[in-house]
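First the structure, in the form of structure tokens, and then the observations on it.
The values are calculated or read from the model by the stated rules, or taken from the named source; none is laboratory data. What you see is a predicted model; the values in this text were computed from it and never measured. Don't worry about glycine lacking a Cβ; one is built from the backbone with ideal geometry, like all the others, and counts go over all protein chains shown.
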């Protein structure tokens, strides 16, 4: 009995990274990574260990759950190295419990789109002052042929053309992007200190070290918004892409529901615990999350689109 107690204490005292390594080394886990990645298995597993070692938030989650989310990325053949921007394992607090969640980045969406073999071209980027000349409301055509006047970011675009000739462009202004983020992001909606105006300023500021999500890198989050919104509405979606979009929506819905539960639990309390449903996203060199409307007031999410930004 004493030996069992000693073993139990020793297990509890093991460092998270040691537990993670033991989970990853399991034969069944190794086989699953091999089935998904083949000869690239070892490189992916090494990147997972590196990610977990350097992320204190991930270390608050059960290693088995982190590995499960990494396997989701592996099945889509998307690297989880933060610096690459293809996919991330984000930590949400689901009912107060740190929960890892695989979420594709905007580069991941583009990668999945190109793999379908149905796209001749796809591109997304920021729009600078002077570049936007005209938006044809009837045809949806957008003219970016203007001359750049400054480094001021005024909006974001995504464009694609299919092999059959069909093409579509989405443009979202900085103002409309900020309105949408403020209205639907679980991390911003209830923060009185964060306003549409303060979010708009972030479009022309450098990414903030140690700050995540919209507040850490507004522009990358906005570009993902354009990519996902355009492809999910007009693009050719493979099963992998549908799954990626679905995971994004599910993750954001979970974060928003958890935030609402936290508020309900407090009853009439005037102070809202903003940590109760907060999520930790990517580092300052990336960003991910939601959608916006190209014109007019922010609209409610359409069926199959996000219920709130989040990564």
Which condition number in (1) in contact with a helix residue (DSSP H, G or I) (Cβ under 8 Å, 6 or more places away or on another chain); (2) surrounded by fewer than 20 Cβ atoms within 10 Å (Cβ to Cβ); (3) in a helix (DSSP H, G or I) is the one that residue 110 fails?
(2)
Restricting to region 213-234, what's the tally of residues that are surrounded by fewer than 23 Cβ atoms within 10 Å (Cβ to Cβ) and either in contact with a helix residue (DSSP H, G or I) (Cβ under 8 Å, 6 or more places away or on another chain) or closer than 21 Å to residue 89 by Cα (or both)?
4
On the basis of being more than 28 Å from the chain's Cα centre (by Cα), in the same structural domain as residue 213 (by TED's automatic domain parsing), at pLDDT 90 or above and not in a helix (DSSP H, G or I), does residue 155 make the cut?
no
Go through the residues of region 80-96 one by one and say whether even a single one is within 25 Å of residue 26 (Cα to Cα), assigned to a loop (DSSP other than H, G, I, E, B) and under 16 Å from the mean Cα position of the chain (by Cα).
yes
Residue under evaluation residue 73, criteria (1) assigned to a strand (DSSP E or B); (2) in contact with a strand residue (DSSP E or B) (Cβ under 6 Å, 6 or more places away or on another chain), criterion not met:
(1)
Output yes when any residue across region 189-201 is in a loop (DSSP other than H, G, I, E, B), assigned by TED's automatic domain parsing to the domain that holds residue 236 and within 25 Å of residue 122 (Cβ to Cβ), and no when none is.
no
Would you mind finding the one in 148, 82, 152 that is surrounded by 15 or more Cβ atoms within 10 Å (Cβ to Cβ) and in contact with a strand residue (DSSP E or B) (Cβ under 9 Å, 6 or more places away or on another chain)?
82
Here are the criteria: (1) within 28 Å of residue 240 (Cα to Cα); (2) not in a strand (DSSP E or B). Tell me which single one residue 179 does not satisfy.
(1)
So if I check each of 59, 31, 12, 64, which one is at pLDDT 90 or above, at negative phi, outside the structural domain of residue 229 (by TED's automatic domain parsing) and loosely packed, with under 12 Cβ neighbours inside 10 Å?
31
